[in-house]
1. When you go through A:Thr114, A:Thr101, A:Thr121 one by one, which is the residue that is of a type in the set (Val, Ile, Thr) and in contact (Cβ under 8 Å) with a residue 24 or more places away in the chain?
2. Quick one: how many residues across segment C:11-52 are open to solvent by 40 Å² or more (accessible area, probe 1.4 Å), in a helix (DSSP H, G or I) and more than 7 Å from every other protein chain (Cβ to nearest Cβ)?
3. I'm told A:Leu109 meets every condition in (1) open to solvent by less than 60 Å² (accessible area, probe 1.4 Å); (2) at the interface with chain B (Cβ under 10 Å from one of its Cβ atoms) except one. Can you identify the failing condition by its number?
4. Looking only at segment B:20-30, which residues are surrounded by 24 or more Cβ atoms within 10 Å (Cβ to Cβ) and more than 9 Å from chain C (Cβ to nearest Cβ)?
5. Which residues, taken from segment A:107-133, are assigned to a loop (DSSP other than H, G, I, E, B), of a type outside the set (A, V, I, L, M) and closer than 21 Å to A:Glu157 by Cβ?
6. Just a yes or no: is a residue in segment A:149-160 outside any helix (DSSP H, G or I) and either in the same structural domain as A:Phe61 (by TED's automatic domain parsing) or at pLDDT below 80 (or both)?
7. Looking at segment A:79-106, which of its residues are buried (at least 19 other Cβ atoms within 10 Å of the Cβ), in a loop (DSSP other than H, G, I, E, B) and more than 11 Å from chain B (Cβ to nearest Cβ)?
8. Specify which of the listed residues (B:Ala46, B:Ala60) is facing chain A (nearest Cβ under 9 Å), modelled with pLDDT of 90 or more and within 21 Å of C:Ile48 (Cβ to Cβ).
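The values are calculated or read from the model by the stated rules, or taken from the named source; none is laboratory data. Owing to the predicted nature of the structure, the values given are computational and were not obtained by experimental measurement. Cβ sites come from the backbone with ideal geometry, for glycine too, and all protein chains shown count toward neighbours. Only protein heavy atoms, including side chains, enter the accessible area calculation; ligands, DNA and RNA are left aside. Shrake-Rupley method; radii C 1.70, N 1.55, O 1.52, S 1.80 Å.
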Amino acid sequence: MKRFLHFLIIYAVWLLLTWSVQWQELLVGVLVALFAELLLGDIFPVEGVKIFHPRRFFWLFVYFWVFIWAMIRANFDVAYRVLNIYLPIKPGIVKVRTKLTSDMGRTFLANSITLTPGTMTVDMIGDHLYIHWINVQSPDIQKDTEIIVRHFERILERIFE
Amino acid sequence: MSETIGYILLTVGIAFDVLGCIGLVRLPDVYNRLQAGTKCVTLGTAAILLSVLFFTGFNAISVKALLCIWFILITSPTAAHAISRAAHRSGIRLWKGSVLDRYAEDREGAEDKQ
Amino acid sequence: MNVYIGLLILCIFMCLYRVGRGPTAPDRTVAIDILGTLVVGFCAMWSIITKRDLYMNIAISWSLLNFIGSLALAKYLEGRGFDE
């Protein structure tokens with residue numbers, strides 16, 4: 001079941017990439033998708049069929065808009081810092097803690113942190129994320145977790161846990 | 001109408017690209033450069049690719065552009081993460097004005113234990 | 001349109017400045033990674049001008065190859081083998 005789902009996802013991407021319905025394209029698509037699935041099926045990150053649930057898709061949709069808004073704010077933040085003559089930066093690497101346990105959720109969290117205002121994931125060891133922050137506000141782990149991680153984690157918990 | 005939206009998106013995208021590259025030139029150390037570059041250039045290129053949808057309408061080109069936005073949004077932060085981790089592990093220190101470095105503290109602690 | 005292309009070329013030259021000047025190896029890697037993303041934007045603009053989907057194919061494969069290249073450079077900087 002899980003493998004068939006992977007096959008369908010790969011085939012859908014193939015159809016979007018070629019964007020034609022000639023039978024040669026469809027046939028080659030089936031072959032390529034089968035080959036990719038046999039070769040890489042073990043390391044594919046989608047965790048079963050759990051994610052295909054209307055409620056999770058709704059939260060994914062909410063997350064998408066939260067993410068876009070954070071990204072636009074991040075860009076204006078960088079623009080302000082770069083165009084200012086005095087370079088108002090106070091960089092440092094802080095440590096925060098995450099409650100997410102699934103791999104997919106953690107990947108999404110780390111990538112979202114990289115694209116949001118002033119923060120960038122450097123490494124993840126166990127439950128702790130090391131984050132390069134362009135404007136460090138406090139050295140305390142709890143407070144940093146509140147500021148950086150919490151608003152993404154609340155939504156990602158509902159999608160992936 | 002849709003061409004106007006396309007031109008607006010194109011302008012915004014290229015403006016952010018230029019800002020990201022100015023950041024790449026101006027900021028003092030590799031981590032700050034990575035921040036400015038990754039954020040601005042990712043959103044800028046995504047905006048340029050989205051403007052393809054408004055210039056050409058919904059056809060093969062714009063579907064590929066949307067897929068390309070998806071790829072960029074996934075791969076660009078991952079590459080930034082890999083490069084910053086590699087830079088830190090290969091011994092590049094933070095800029096001298098940095099406030100704190102928890103990662104170096106924790107890693108030195110771990111190396112002492114071994 | 002020409003103005004936009006000129007600005008993108010200006011961006012690319014700023015990246016090349018960082019590639020040539022960057023004091024350490026990670027600086028150059030960062031600049032090369034960002035240069036790849038800029039080239040994707042360039043391909044997108046070229047497909048707007050010519051209305052052909054050939055350039056979009058180039059953009060997709062360029063973005064994926066750029067990602068793999070950056071990962072390989074990062075692994076090399078870290079001093080590990082490619083199998084891990």
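1. Residue meeting the stated conditions: A:Thr101.
2. 11
3. (2)
4. Scanning segment B:20-30 gives a single hit, B:Gly23.
5. Correct list: A:Thr116, A:Gly126, A:Asp127.
6. no
7. A:Thr98, A:Leu100
8. Going through B:Ala46, B:Ala60 in turn, the sole match is B:Ala46.
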